[in-house]
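Here is the structure we will look at.
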Amino acid sequence: MARTESRSSQERESQTREETTYTFEEEDALAIPEEVSARFLNQGMVLRWIRVQLRGADDYQNVGKRQRDGWVFVTPDEVPEMSTSSIVKEGGRYAGTVVRGDVALAKMPEGRAIARREHYENKANELMNAVNSQLMSNNDSRMPIYNNSKSTVSRGKSPKFQD
């Protein structure tokens, strides 16, 4: 006796089943909400996380350097939307700051932050030009040196790889 399949089962097999793909992205614990960044930007300030602890001990050296650069810690009153997702330090040196792990949220005037960034970019470019000029000064026609190097700097989210 020959086996017969129903027409509905044949149609079901012929149709490709739409596969649902799910993607999971781990939440960035240090992401500053857009509305908070925009509000501070309207006030002429930029935000950044500053390391306040290193290996469980207060990092006085880094905090001091950042404060000399002009960074000021943000209080929980200034960012009420982040006080629920962050820990507000109650005691110690960093009392009244918004902390996540070993970093604290800080602010700086936008103009000063731009000037600081441009200063360090120029300094890095000058150092790179000095290295390249020293490399090319040792150039010999018997054994020429070609500098085809290109450097890029990327910031932001970490790369994502396909599984």
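Cβ contacts < 6 Å: first residue in a loop (DSSP other than H, G, I, E, B), restricted to region 57-74; second residue polar (S, T, N, Q), any location; separation 6+ or different chain. Result? Going by the 6 Å Cβ cut-off, the qualifying pairs are 59/53. The set of residues from region 93-115 being under 15 Å from residue 44 (Cα atoms) and either surrounded by fewer than 18 Cβ atoms within 10 Å (Cβ to Cβ) or at pLDDT below 75 (or both) comprises 109, 110, 111, 112, 114, 115. Of the residues making up region 123-133, not a single one is modelled with pLDDT of 80 or more and in contact with a Leu (Cβ under 9 Å, 6 or more places away or on another chain). Scanning region 1-20 for any residue that is modelled with pLDDT of 75 or more, of a type outside the set (Lys, Arg) and part of a loop (DSSP other than H, G, I, E, B) turns up nothing. Scan region 80-92 and tell me whether some residue there is modelled with pLDDT of 80 or more and either in a helix (DSSP H, G or I) or under 17 Å from residue 40 (Cβ atoms) (or both). No, that holds for no residue.
The values are calculated or read from the model by the stated rules, or taken from the named source; none is laboratory data. These figures come from a predicted structure and were not determined experimentally. When we count neighbours, we look across all protein chains shown, and the Cβ atoms used for this are built from the backbone with ideal geometry, even at glycine.
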